[in-house]
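Trainee: Take this structure first; my questions come after.
Just so you know, all these numbers are worked out from the coordinates, no wet-lab data involved. What you are looking at is a predicted structure, and each value in this text was computed from that prediction instead of being measured. Using ideal geometry, Cβ is built from the backbone for each residue, glycine included, and neighbour counts are taken over all protein chains shown.
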Amino acid sequence: MALFDKKASPVSEVLQLRQQGLTDDIIVDELSQRGYQQQQISEAIAQADAPGQGSDYGMPGSPEAMPMMPQEMPSAPPSYQGDVNNIYERMEEIAESMIDAKWDDLIAEVKKVIEWKSKTEEKQNKLQYDVDKLKEDFKLLHEAVLGKLEDYDTRMRDVGTELKAVGKVFKDVIPTFVDNVKELSAVKEDLKKRHSGHK
């Protein structure tokens, strides 16, 4: 039968597989499994895409396009049924492999997100620790500065008290000191006069 003649162009097979709803990628894969060369498959797909090719399929003109009379229509050959089963198995394998590949990609991306989240949380925890430590250091520094200020305030009060006491002492002592200086000046003048009188 020309349908399975590997030497002929597989245009009719392309058309039949398209009628089953298969895409060109799956048809290429299937025809490669049946032993056709890539060039034969490409030419057959190009011919099947030619205008009027789909409507001419089954019309007289080529042995592979000859319609069969109902009484001549044999039951589907076992090899063809096996090919159909193989097509569906191949479709399932392709779908499963695509799903597995996408699933692996998804898992890899999720792992990246989890790793990024873990690193971000680690950095956030470290930053929070640094901020808490800075707050504690600032609190200690604040308490130390306040302590120093209170100490300085106490000392300044003591110095003020001492200055007041010294001022009071000077206030009491200076008049006496001035009087003593005056008396010393008078004694000096008196001594000078006596000394000059003896001459």
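Trainee: Based on this model, can you work out whether residue 171 counts as of a type in the set (Lys, Arg) and surrounded by 10 or more Cβ atoms within 10 Å (Cβ to Cβ)? Explain how you work it out, then say what you get.
Mentor: Values: of a type in the set (Lys, Arg): yes; surrounded by 10 or more Cβ atoms within 10 Å (Cβ to Cβ): no.
No: the conditions fail for residue 171.
Trainee: Now, a different point. Criterion first (of a type in the set (Asp, Glu), farther than 30 Å from residue 30 by Cβ, in a helix (DSSP H, G or I) and under 18 Å from the mean Cα position of the chain (by Cα)) does residue 162 satisfy it? Show your work before the answer.
Mentor: Values: of a type in the set (Asp, Glu): yes; farther than 30 Å from residue 30 by Cβ: yes; in a helix (DSSP H, G or I): yes; under 18 Å from the mean Cα position of the chain (by Cα): no.
No, not satisfied.
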